[in-house]
């Protein structure tokens with residue numbers, strides 16, 4: 001039997017285990033990336049391992065999240081990131097150079113390589129034929145120190161593409177269709193591999209849009225073949241030598257196959273408050289829109305913004321709409337400026353932001369109270385925009401541009417003759433804002449501002465756990481619910497005592513104070529607990545508050561790993577109906593925890609308040625169990641160095 005793309009790349013990087021369904025494997029990591037919201041903590045963890053230089057082929061530190069400098073905190077963190085990168089062999093992409101995933105696609109991604117990033121949208125690299133995986137910062141720090149990355153052997157789902165996209169339909173509509181089919185938890189434990197004759201009709205930026213937003217499926221990653229389309233893109237980036245062909249064998253095996261005829265797609269939109277609440281744009285008749293935001297790592301490429309500029313040229317944005325645009329990289333920004341498209345955007349009334357994540361993470365440009373914002377972003381979780389009662393719709397750049405002109409959610413097919421922006425034969429190449437590591441690391445002094453606090457480390461796991469249910473939450477709780485982003489919270493990423501005060505603040509503003517007062521306790525959750533961002537602070541800050549275990553119906557992949565990495569026990573109900581047997585304030589006891597973790601998959605939780613014994617399961621690998629017993633991955637790594 002032939003091999004699919006996923007297995008070809010994984011086998012080439014396998015260092016432990018075998019590609020057997022459900023088994024644990026470890027793979028060698030070629031490249032890593034971090035961004036500044038997660039990077040400060042990742043490099044503090046890397047420093048704690050006392051490894052002088054990174055051992056990967058390439059590691060890059062990007063600044064793209066915390067660029068709004070309303071105080072000293074973000075600027076201090078940027079200086080720390082620049083100096084620690086210089087000292088330890090890491091390339092540093094300066095503020096203003098662009099969003100990590102867009103820049104990495106342009107300048108560093110290599111087909112067939114593995115990439116581990118401390119950002120959940122690292123799978124963007126799959127558009128180039130990489131196995132690119134998002135993870136917590138501590139996992140990335142271990143990879144930089146030369147350690148492998150562990151994961152459960154994923155199922156491989158093929159999305160077989162036929163046909164070609166009709167006019168005014170784009171790659172964003174493709175991934176919205178996949179989300180409509182699979183849902184936000186349908187990709188858990190899976191890698192999505194795109195193929196079929198329709199794949200060759202999609203450019204690398206279009207493919208990257210699709211793999212980027214595959215993170216919303218809960219998938220481990222997504223990947224496209226590396227073919228002549230890939231070669232053309234890399235040649236235009238001056239990197240043709242990085243190209244290698246990667247394709248699935250004709251008789252490759254897949255665990256499931258989804259068929260999508262691109263020719264039959266229409267413009268789609270994800271409605272509040274989940275990326276999988278998908279509807280055709282044409283089904284809306286008169287939805288008034290207050291704001292349109294174009295950009296993010298999903299839709300800020302040169303061709304995306306050229307498409308928008310062409311639509312807006314000679315026109316003016318509707319008077320009731322605020323239009324903001326964030327070019328994905330300095331390369332994109334400068335090319336738009338050089339060819340006059342930036343002037344067309346400005347003339348239309350668009351407000352041009354810097355090349356950064358910006359509004360996508362609630363870093364400015366929050367919509368009006370009760371407003372409607374149409375965004376080309378990847379997430380529309382409630383409150384993520386910074387306005388709790390706003391409704392966020394996710395769309396393609398074409399739909400966003402049409403909406404900006406009309407003031408209502410508009411089908412771009414009403415704009416008239418189709419526009420097709422070709423890929424440039426040569427991109428602007430100027431890497432002067434990417435600083436290579438120092439040739440004399442011994443002379444580099446790492447600069448630490450007063451907001452950078454010592455890294456909290458958990459004690460080894462106790463044999464028995466006791467405490468109250470601190471909070472009980474529903475299905476699809478995101479890391480934004482657990483640890484909010486935004487301009488108020490993000491600057492505290494390197495100060496765990498301070499940022500921990502915001503844990504669950506969007507749901508229960510007194511959670512942190514109650515957790516500290518009760519000396520920690522338990523969290524009870526529903527399905528897909530911890531979906532969304534890779535931010536390890538959603539585990540690290542609860543650990544600081546004394547959270548001992550999370551009992552849920554099911555977990556999102558990255559968050560489950562982050563809980564283990566910081567010594568919090570993730571447990572699942574053996575019978576999910578037992579979720580109803582818990583209430584906030586119940587006193588729980590788990591005895592014989594060490595023995596039960598090692599000897600089987602059954603653990604008893606005693607609900608003292610309700611006088612019930614409730615069985616739960618852990619499903620953890622022996623390695624994960626050892627990490628928990630050590631009190632987290634940092635302790636475990638030091639023990640096994």
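Readers should treat all values here as calculations from the given coordinates under stated rules, not as data from a laboratory. Not measured: the values here are computed from a predicted model. In this analysis, Cβ positions are derived from the backbone assuming ideal geometry, glycine residues included, and neighbour counts consider all displayed protein chains.
Taking one quarter of the surface of the convex hull spanned by the alpha-carbon atoms of segment 292-350 gives a direction-averaged projected area of 3.5 nm². Counting every pair of alpha carbons in segment 5-264, the share spaced more than 34 Å apart comes to 16 percent.
Put simply, the Cα atoms of segment 537-590 extend 28, 23, 16 Å along their principal axes, the longest span coming first.
For residue 638 and residue 508, the difference between the fully extended length at 0.36 nm per residue and the C-alpha to C-alpha distance is 43.2 nm.
Look at [x] 26.3; [y] 29.0; [z] 33.5: the one that is mean projected area of the Cα convex hull in nm² derived from this structure is [x]. As a calculated quantity, the FRET efficiency between residue 464 and residue 181 at R0 = 41 Å, using C-beta atoms, amounts to about 0.35.
Sorting the segments 183-189, 537-543, 208-214 by their residues' average number of neighbouring beta-carbon atoms within 10 angstrom, most packed first, yields 208-214, 537-543, 183-189. Taking the longest Cα principal axis of the chain as reference, the axis of helix 330-339 is set at about 10 degrees. Extents of segment 173-288, taken as max minus min of Cα coordinates on every principal axis and listed largest first, are 50, 32, 23 Å. From helices alone, the chain scores -8000 deg cm²/dmol at 222 nm; the rule is -39500 (n - 2.57) for each run of n ≥ 4 DSSP H residues, then divide by the residue total.
Seen against the Cα atoms of the chain and their longest principal axis, helix 302-312 is set at about 50 degrees.
Rounding to the nearest 10 and keeping the result within 0 to 90°, find how far the Cα-based axis of helix 72-88 lies from the longest principal axis of the chain. That helix lies at roughly 90 degrees to the long axis. Assuming R0 = 60 Å, can you tell me the calculated FRET efficiency for the pair residue 315 and residue 446, based on Cβ-Cβ distance, to the nearest 0.05? Calculated value: 0.75. Between residue 285 and residue 583, full extension at 0.36 nm per residue minus the direct alpha carbon distance yields a gain of 103.0 nm.
With Cα atoms defining each centre, segment 341-419 and segment 207-229 are spaced 23 Å apart in the structure. Temperature 20 °C, viscosity 1.002 mPa s: under these conditions the Stokes-Einstein estimate for segment 90-149, based on its Kirkwood radius over C-alpha pairs, is 180 µm² per second.
Antiparallel versus total DSSP beta bridges in the chain: what percent is that, nearest 5? Just about 35 percent of them are antiparallel. Restricting the calculation to Cα atoms, segment 530-629 yields a radius of gyration followed by a Dmax of 13.2, 37 Å. Put simply, when 193-201, 260-268 are sorted by average Cβ atoms within 10 angstrom per residue, most first, you get 193-201, 260-268. Does segment 1-136 come out rounded, prolate or oblate, given a ≥ b ≥ c as the square roots of the eigenvalues of its C-alpha gyration tensor, rounded meaning a/c under 1.5 and, failing that, prolate meaning a/b above b/c? Taking the square roots of the gyration eigenvalues as a ≥ b ≥ c, segment 1-136 is prolate.
Summarising the label geometry, the points placed 7 Å from Cα in the beta-carbon direction at residue 250 and residue 18 lie 2.9 nm from one another. Considering only C-alpha atoms, what is the centroid distance from segment 574-622 to segment 440-469, in Å? Computed from Cα coordinates, the inter-centre distance equals 29 Å. The slack between residue 429 and residue 626, meaning 0.36 nm per residue of separation minus the straight C-alpha distance, is 66.2 nm. Each of the peptides 319-326, 401-408 was scored by the mean count of other Cβ atoms within 10 Å over its residues; in descending order, highest first, they stand as 401-408, 319-326. Within segment 465-639, the percentage of alpha carbon pairs spaced more than 29 angstrom apart rounds to 13%. Calculated over segment 268-415, the projected area of the Cα convex hull averaged across directions stands at 7.4 nm².
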